[in-house]
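Chemist: Got a structure here, written out as structure tokens. Questions coming.
The values are calculated or read from the model by the stated rules, or taken from the named source; none is laboratory data. These figures come from a predicted structure and were not determined experimentally. Using ideal geometry, Cβ is built from the backbone for each residue, glycine included, and neighbour counts are taken over all protein chains shown. With ligands, DNA and RNA removed, areas are computed over all heavy atoms of the protein, side chains included. Shrake-Rupley method; radii C 1.70, N 1.55, O 1.52, S 1.80 Å.
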Amino acid sequence: KQTAFIFDLDGVIVDTAKFHFLAWQKLANKIGINFSEKENEQLKGVSRVKSLEKILSWGNKTLSDEEFQRLMNEKNQDYLNYVKQMTEADILPGVNSFLDDLKAKNHPIALGSASKNAKTILKCVKLSDTFEAIIDGTVVSKAKPDPEVFLKAAQCLNTTPSNCIVFEDSIAGIQAANAGGMTSIGIGDKNTLHEADFCFSNFLQFDYPFFKNIKMKA
Ligand code: G6P
Ligand code: MG
């Protein structure tokens, strides 16, 4: 049976991680909370609601439900203003050719993202028809590191977790893939993503043949 591949979106397919960072930083600074790359790392892969909860807890702040909603919407508007300017040129290096190789060899591929903006982003970068299954923040109830998003993706692809390889740039996402019994590939810094089964700094660091001989987790 052909190995199935599941891709996170933000920070794996497209570099929206930098836009999330800018939008959260603006919001945090506005309410007097310090926000650097270090804090941002802990928000990668984490849902919008959980992200704001974390930021508030770092600054020992609480908000009314109304204010919480308002700030979350404001962050998303700022974020979408960046996203809307994206084109195919913003797909991360090596991603398109790797996806083409997988499709040519008939591997099932799915998207597994915490984002509620996933479909908007895919449209901007012209990848709307690339994935057989799209599991995003609109259909998942338990956020990464819970494996729900990836288990749903495997189910949609009609395959078992042990037959899946997951690409992730976040700590929470690697933990989710591992918890689901899938082989995890970190895209980013090896020290940060040390829980991943394999780690590469980007998609130019490996090629399709690597996955022909890969030792799967289960
Ligand atoms: C991804 C990103 C997170 C983001 C989350 C929700 O996992 O890595 O930084 O908070 O999606 O995204 P959304 O687009 O719904 O705010
Ligand atoms: Mg990500």
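Chemist: For residues in the stretch 30-53 being basic (K, R) and touching a helix residue (DSSP H, G or I) at 6+ places or on another chain (Cβ under 8 Å), which is surrounded by the most Cβ atoms within 10 Å (Cβ to Cβ)?
Modeler: Here is the first cut: in the stretch 30-53, the ones basic (K, R) are 30, 38, 44, 48, 50.
Of the ones still in play, those that are also touching a helix residue (DSSP H, G or I) at 6+ places or on another chain (Cβ under 8 Å) are 44, 48.
On the way: K44: 23, R48: 21.
Per the criteria, the residue is K44.
Each row is one residue, and each column tells you yes or no for (1) out of contact with any His (no Cβ under 8 Å at 6 or more places or on another chain); (2) in a loop (DSSP other than H, G, I, E, B); (3) modelled with pLDDT of 95 or more; (4) closer than 16 Å to G11 by Cα.
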{"site": "T120", "(1), (2), (3), (4)": "yes, no, yes, yes"}
{"site": "T130", "(1), (2), (3), (4)": "yes, yes, yes, no"}
{"site": "F150", "(1), (2), (3), (4)": "yes, no, yes, no"}
{"site": "A154", "(1), (2), (3), (4)": "yes, no, yes, no"}
{"site": "I174", "(1), (2), (3), (4)": "yes, no, yes, yes"}
{"site": "N178", "(1), (2), (3), (4)": "yes, no, yes, no"}
{"site": "H194", "(1), (2), (3), (4)": "yes, yes, yes, no"}
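Chemist: Still on this structure, I have one more. I'm trying to understand the selection: among the residues of the stretch 99-145, which are over 20 Å from F211 (Cβ atoms), open to solvent by 70 Å² or more (accessible area, probe 1.4 Å) and among the small types (G, A, S)?
Modeler: S141, the sole residue that qualifies.
Chemist: Test each condition in (1) in contact with a Ser or Thr (Cβ under 8 Å, 6 or more places away or on another chain); (2) buried (at least 21 other Cβ atoms within 10 Å of the Cβ) for G181 and report the one that comes out false.
Modeler: Failed condition: (2).
Chemist: Name the residues in the stretch 146-178 that are open to solvent by less than 40 Å² (accessible area, probe 1.4 Å), touching a strand residue (DSSP E or B) at 6+ places or on another chain (Cβ under 7 Å) and more than 15 Å from ligand 2 (Cβ to nearest atom), would you?
Modeler: Residues satisfying the conditions are A154, L157, T159, N163, C164, I165.
Chemist: Moving on. Could you grab the pairs with beta carbons closer than 7 Å, sequence gap of 6+ or different chains, first residue in the stretch 8-29 and in contact (Cβ under 8 Å) with a residue 12 or more places away in the chain and part of a strand (DSSP E or B), second one open to solvent by less than 10 Å² (accessible area, probe 1.4 Å) and near ligand 1 (Cβ under 9 Å from one of its atoms)?
Modeler: Close Cβ pairs (under 7 Å, with a partner that is open to solvent by less than 10 Å² (accessible area, probe 1.4 Å) and near ligand 1 (Cβ under 9 Å from one of its atoms)) amount to D10/T16; D10/S113; V14/I121.
Chemist: Still on this structure, I have one more. Quick check on this structure: which one of T3, T62 is more than 11 Å from ligand 1 (Cβ to nearest atom), in contact with a helix residue (DSSP H, G or I) (Cβ under 7 Å, 6 or more places away or on another chain), over 22 Å from T192 (Cβ atoms) and open to solvent by 80 Å² or more (accessible area, probe 1.4 Å)?
Modeler: Sole residue among the options that is more than 11 Å from ligand 1 (Cβ to nearest atom), in contact with a helix residue (DSSP H, G or I) (Cβ under 7 Å, 6 or more places away or on another chain), over 22 Å from T192 (Cβ atoms) and open to solvent by 80 Å² or more (accessible area, probe 1.4 Å): T62.
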